[in-house]
Each structure stands twice: as structure tokens, then as C-alpha cells.
Amino acid sequence: MTNSEHHHHHPAARPTRCRAPRRAAFAIFQSRAAGALDPRSSRFTHSFQQSLHQIHRNMNVFRLTGDLSHLAAIIILLLKIWKSRSCAGISGKSQILFALVFTTRYLDLLTSFISLYNTSMKVIYIACAYATVYLIYVKFKATYDGNHDTFRAEFLVVPVGGLAFLVNHDFSPLEIMWTFSIYLESVSILPQLFMISKTGEAETITTHYLFFLGLYRALYLINWIWRFYFEGFFDMIAIVAGIVQTILYCDFFYLYVTKVLKGKKLSLPA
């Protein structure tokens with residue numbers, strides 16, 4: 001689980017008070033800890049097998065491919081900016097929105113641990129998002145095309161924030177923030193698409209970034225269908241937001257296949 005998948009966490013049961021003397025309790029703790037960490041112990045083997053089962057149960061080829069497509073999109077964008085020493089054609093506002101999406105979605109990094117894969121991907125997404133924002137607004141600020149990046153991002157953030165308060169799974173801070181991130185991600189690409197339509201064209205590398213970003217979202221839709229069919233999992237909020245986001249990419253997908261893959265330069269009507 002990394003992107004728009006979500007686990008509902010339950011507080012752990014309170015530990016019962018131990019009546020044994022302090023030294024005896026410490027000895028018991030040492031022996032239990034040693035047993036838990038000993039690879040030969042059945043407890044260690046059982047815990048390890050449970051962890052593997054959890055990862056296997058929560059992962060399928062569509063979700064894994066979706067995660068890798070998302071990561072590929074982010075890396076393509078970072079390399080494009082770094083190698084060309086320019087962020088021309090990149091919407092800084094879209095990148096700020098994506099950074100906000102990852103920040104609000106992965107607040108559970110501070111409260112829970114699911115798996116090494118899960119934690120690693122979350123940290124990578126957050127780090128890359130803020131690295132991209134830094135490159136655009138600080139490192140290569142002189143190349144940023146602010147004159148064409150004019151989409152009013154507040155028109156997305158404010159309504160999405162209100163909707164997250166009204167429609168969510170549970171009225172708690174973490175849940176509202178997660179819901180906010182799901183809604184916001186579905187429209188975060190709008191400033192970038194608006195910028196492309198305003199300039200009338202996009203560099204090939206930028207279109208590759210957008211393609212992999214859209215592919216990630218489409219694969220996650222298939223993942224949800226898979227999970228509903230095989231696991232009975234169904235999250236209406238994530239699915240509806242994912243459908244909205246995929247629809248926004250449909251026109252771009254068509255242009256990508258018909259022009260970019262044939263070597264033509266992508267141009268959109270202004």
C-alpha cells in the first residue's frame with residue numbers, strides 16, 4: 001500500500017500490569033526479546049511469514065506496476081529538470097499540489113509501520129516532490145515560466161478541503177487529511193494541462209512524464225477492480241477520485257499515442 005490505498009489503524013491494546021519483581025520482569029523481557037530475535041525460533045519464523053503474507057496479500061501486479069509507473073514519472077521529471085538545467089514547460093503549481101498531496105496522505109508515517117516497502121516508497125515520493133519544487137522555485141527559478149503557469153490553484157485546494165470535511169470515512173484528523181489528499185490528487189495535474197494548452201505545445205520529455213503519471217492512475221483503477229473481485233475490497237472515495245483523474249488524462253493519452261509515439265511534437269489547441 002502506498003499511493004491511494006489506505007489502512008485503518010486501531011489503537012493497540014493496553015499492556016497488562018506485571019506483578020513480578022523488577023529484576024524478574026527484566027529477565028523475562030530479555031529472554032522473550034532474545035527468542036523473538038533469534039532466527040531459529042518459531043516466533044521469529046511465524047512473524048516473518050506473517051509479514052510476507054501481509055505484503056503478498058496487499059500487493060498485486062497492477063498495484064506494483066502502478067507504483068513503479070508513478071515513480072518513473074517522478075524520476076523522469078527530476079532528470080529532465082536537472083539535465084537540461086531548466087524547468088521550462090513544467091507547472092510549479094502542479095508540483096506544489098503534488099507535494100501537498102504526499103504530505104497530507106503520508107502523515108501515518110509518524111504513527112504506524114506497515115512494511116519496509118511501504119515506508120520506503122512514501123519517503124521517496126515526499127522527498128522527490130519537495131526536490132522538484134526546490135528545483136523549480138529556487139535552483140532553476142530563472143527558467144520557470146510563471147507567465148504561463150497561471151492556473152488559480154486555490155480554486156482547487158479550498159473546495160477539495162471543504163469536500164474532505166463533508167465526505168470522508170471517519171471524522172478524524174488523519175482520515176480527513178488522507179481524504180483531502182485523494183481528492184486533491186485527482187485534480188493536481190490541471191495546472192500542468194492548463195499550462196500546456198496555453199503555450200500550445202509540450203516537450204517530449206514532459207509528455208513522457210504525463211503519460212507515466214496517467215498510466216499509474218489507470219493501473220490503480222484496475223488494481224481496485226482486482227481487489228474488489230478477489231478480496232471484496234471497495235473504497236468509493238478512492239475509486240471515484242481515481243476515475244475523475246483518469247478522465248482528465250484521456251485526451252492527453254489520445255494525443256500521446258497518435259503524435260508523440262510517432263515522433264511528432266505534441267501540440268494542444270490554445
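Assuming 1.567 mPa s and 4 °C, estimate D for the stretch 126-212 with Stokes-Einstein, Rh taken as the Kirkwood radius over Cα pairs, in µm²/s.
87
Would you mind computing the Rg to Rh ratio of the stretch 190-230 from its alpha-carbon coordinates, Kirkwood style for Rh?
We get a ratio of 1.21 for the stretch 190-230.
Taking the Cα centre of the stretch 145-270 as origin, sum charge times position over the Cβ atoms of Lys and Arg (+1) and Asp and Glu (-1), and report the length of that vector in debye to the nearest 20.
Taking the Cα centre of the stretch 145-270 as origin, the dipole is about 560 debye.
Could you rank 229, 130, 137 by how accessible they are, 1.4 Å probe, largest area first?
229, 130, 137
Please identify the trypsin sites (Lys or Arg not before Pro) of the stretch 61-128 that satisfy two criteria: DSSP loop assignment and at most 12 other Cβ atoms within 10 Å. Which are they?
85
Magnitude of the Cβ-charge dipole of the stretch 177-251, K/R +1 and D/E -1, about the Cα centre, nearest 20 debye?
60
Expressed as a whole percentage, what fraction of the accessible surface of the stretch 144-205 belongs to carbon and sulfur atoms when a 1.4 Å probe is rolled over the protein heavy atoms?
So the carbon and sulfur contribution to the accessible surface is 68 percent.
Can you send over the solvent-accessible area of residue 68, 1.4 Å probe, protein chains only, in Å² to the nearest 10?
90
Tally Lys/Arg at +1 and Asp/Glu at -1 over every other residue whose Cβ is under 9 Å from the Cβ of residue 185; what's the total?
Taking every other residue near residue 185 into account, the sum is +2.
Compute the signed sum of charges (Lys and Arg +1, Asp and Glu -1) over the other residues within less than 13 Å, Cβ to Cβ, of residue 240.
Local net charge: -1.
The values are calculated or read from the model by the stated rules, or taken from the named source; none is laboratory data. Keep in mind it's a predicted model, so treat the numbers as computed, not measured. Cβ coordinates were reconstructed from backbone atoms using ideal geometry, including for glycine residues, and neighbour counts include every protein chain displayed. For accessibility, only protein heavy atoms count, side chains too; no ligands or nucleic acids. Shrake-Rupley method; radii C 1.70, N 1.55, O 1.52, S 1.80 Å.
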